[in-house]
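Inspection log for the structure reproduced underneath, given as structure tokens.
The values are calculated or read from the model by the stated rules, or taken from the named source; none is laboratory data. What you see is a predicted model; the values in this text were computed from it and never measured. Note that we place each Cβ from the backbone using ideal geometry, even for glycine, and neighbour counts take in every protein chain shown. What goes into the accessible areas is simple: the full protein's heavy atoms, side chains included, and nothing from ligands, DNA or RNA. Shrake-Rupley method; radii C 1.70, N 1.55, O 1.52, S 1.80 Å.
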Amino acid sequence: FISCAAALIIIAVFSGFISRPIIKIQKSLLNISKGDLSTDIPSTGRKDEIGILQNAAASLNNTLSAIIGQANHVLESMAHYDLTVEKMSSYPGDFDTLSKSANHIRNIFNSLIIQVEEAISSVNSGARQLSIAADALSKGTLSQANSIQLLEEHLTDIVAGTNSNSKNEEIVGAKLNV
């Protein structure tokens, strides 16, 4: 009976030694799966399977926290029109797809902004050229109006001179016929 009781005590101690860390890791991984990356999974110096499992869970949590934290920073900066934010780092395996996508979106936005700036510059240049042409047209129109006015004055003088000559011719003709 004593040996059975001793065996049960030893089994209870060892099962707690094995099950407690596994239950902690399981709860931590469940929290991570729900999006709670603040879960603390400390690394351990244990070299057995439980230590390997706990260190792998701690590494997963650290990697996910880094990826999600950097993705949030980059995307939030871009949402506030800050495209000077640094590119996302490369990450192992399938995680790198997220960083490549975020970096690609950032590059597209930067390219669009450059194209908009170039379009604005072209519109400004066109507007300046149009303003210069309108000014030249205005000056040309004013010059033509002045020339027409001067031509009208000369034509008025010619008509007056012609009328005067016509009257003088009638007077001379009348005196010659007398």
Next item on the list: Working only within segment 50-66, note down all residues that are open to solvent by 80 Å² or more (accessible area, probe 1.4 Å) and either modelled with pLDDT under 90 or within 36 Å of the chain's Cα centre (by Cα) (or both).
Entry: N62
Note to self: All but one of (1) of a type outside the set (A, V, I, L, M, F, W, C); (2) in a helix (DSSP H, G or I); (3) open to solvent by 50 Å² or more (accessible area, probe 1.4 Å); (4) under 30 Å from I105 (Cα atoms) hold for R20; state the number of the condition that does not hold.
What the structure shows: (4)
Next item on the list: Inspect all residues belonging to segment 33-49 and state whether any of them is in a helix (DSSP H, G or I) and either touching an Asp or Glu at 6+ places or on another chain (Cβ under 8 Å) or open to solvent by less than 70 Å² (accessible area, probe 1.4 Å) (or both).
Entry: no
Notebook entry, point to check: Which condition number does L112 fail, the rest of (1) out of contact with any helix residue (DSSP H, G or I) (no Cβ under 8 Å at 6 or more places or on another chain); (2) outside any helix (DSSP H, G or I); (3) surrounded by 10 or more Cβ atoms within 10 Å (Cβ to Cβ) being met?
Noted result: (2)
Notebook entry, point to check: Counting only residues that are of a type in the set (V, I, T), open to solvent by 90 Å² or more (accessible area, probe 1.4 Å) and within 60 Å of the chain's Cα centre (by Cα), how many does segment 128-173 have?
Noted result: 2
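Is it fair to say I25 is aliphatic (A, V, I, L, M), open to solvent by 70 Å² or more (accessible area, probe 1.4 Å) and assigned to a helix (DSSP H, G or I)? Let's see the steps before the verdict.
Numbers: aliphatic (A, V, I, L, M): yes; open to solvent by 70 Å² or more (accessible area, probe 1.4 Å): no; assigned to a helix (DSSP H, G or I): yes.
Judged against the criteria, I25 is not a match.
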Next item on the list: Please indicate, with yes or no, whether at least one residue in segment 90-104 is farther than 30 Å from F14 by Cβ, outside any helix (DSSP H, G or I), open to solvent by 40 Å² or more (accessible area, probe 1.4 Å) and among the small types (G, A, S).
Entry: yes
Notebook entry, point to check: Looking at segment 69-89, which of the residues that are part of a loop (DSSP other than H, G, I, E, B) and touching a residue at least 12 places away in the same chain (Cβ under 8 Å) is farthest from L37 (Cα to Cα)?
Noted result: L83
